[in-house]
1. If I require 27 Å or longer along the helix axis, counting alpha carbons, and a Kyte-Doolittle average no lower than -0.5, what helices from the chain are left? Use full DSSP H segments.
2. In nm, to one decimal, how far is the modelled label at A225 from the one at R135, with both set 7 Å along Cα→Cβ?
3. Can you tell me how segment 1-56 classifies by the Cα gyration tensor, rounded, prolate or oblate, using a/c under 1.5 as the rounded cut?
4. Can you give me the accessible area per residue for the chain, using a 1.4 Å probe, in Å²?
5. Ignoring ligands, DNA and RNA, what percent of the accessible area of segment 3-215 is carbon or sulfur (1.4 Å)?
Amino acid sequence: MELTVALTTTPATRAFTDRPVDDATVAAILEDARFAPSGGNRQGWRVVVLKDPKVRQALRDLYLPGWYDYLAMTTHGLTPFASTNDPVDEAAAVERAGDFAALGAANPGFAEQLDQVPVLLLVLADLSSLATVDRDLDRVGISGGASIYPFVWSILLGARSRGLGGVMTTMAVRAEAKVLKLVGAPAGTAVAAVVALGEPTEQVTRLRRSEVPDFTTIDRMDGEAFGIR
Ligand SMILES: Cc1cc2nc3c(=O)[nH]c(=O)nc-3n(C[C@H](O)[C@H](O)[C@H](O)COP(=O)(O)O)c2cc1C
């Protein structure tokens, strides 16, 4: 598949057929992804392939509370977990999380069936390998993740090149301490993502994204828009 096609048509896939994905394919996807860039080429990613049904279920159970909080905040009109949110507004939104848990129990979706996906990867980060250049700023950190998420995106592109689909998820970060304990991760490790992979039930090829001039300007952030519409 041509790179431009892959870059512009790879969706978040959350519905998979029952077809299993063999270990050789997962290993080949990771072979591709290991060439991703990272700050100082420190390659601080660690991957745990989750196979044991009990561990998978435990991870799903740790994922769900964050997911229901996310739904409650979205419904309330918030960007979930934005560091700029008003804490009082957010707390009011999260009070309704139980409603979404009840809906999920009655009508299980991707989150409630996370343990059933063909491939489940837990991506961890060795904090001692991450150049967190924004660590001293008075705001939430973003630069550390930049050494891990290109690797995660490469996993998704590597899967796509093999006819598979997947999604990167971050809700399990909400329960980081318990997730780390579940997989025996040492202190100094962070949860970066849970990645689900499998054969998509349908092939989506049209993605909804903003156009370049909507987010690109010349010389100043309030400068003239750049790019073709
Ligand atoms: C950093 C990041 C975190 C995400 N976390 C979740 C998640 O926790 N659960 C989930 O279902 N999808 C998650 N997603 C998937 C996004 O919802 C998805 O990429 C986005 O909505 C675009 O979907 P599309 O490519 O199908 O248009 C995440 C994606 C990224 C890049």
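The values are calculated or read from the model by the stated rules, or taken from the named source; none is laboratory data. On a predicted model such as this, the values are computed, not experimentally measured, just so you know. Note that we place each Cβ from the backbone using ideal geometry, even for glycine, and neighbour counts take in every protein chain shown. In case anyone asks, the SASA skips ligands and DNA or RNA and just uses the protein heavy atoms, side chains included. Shrake-Rupley method; radii C 1.70, N 1.55, O 1.52, S 1.80 Å.
1. Answer set is 53-75.
2. A separation of 4.1 nm, rounded to one decimal place.
3. oblate
4. It amounts to 60 Å² per residue over the chain.
5. 54
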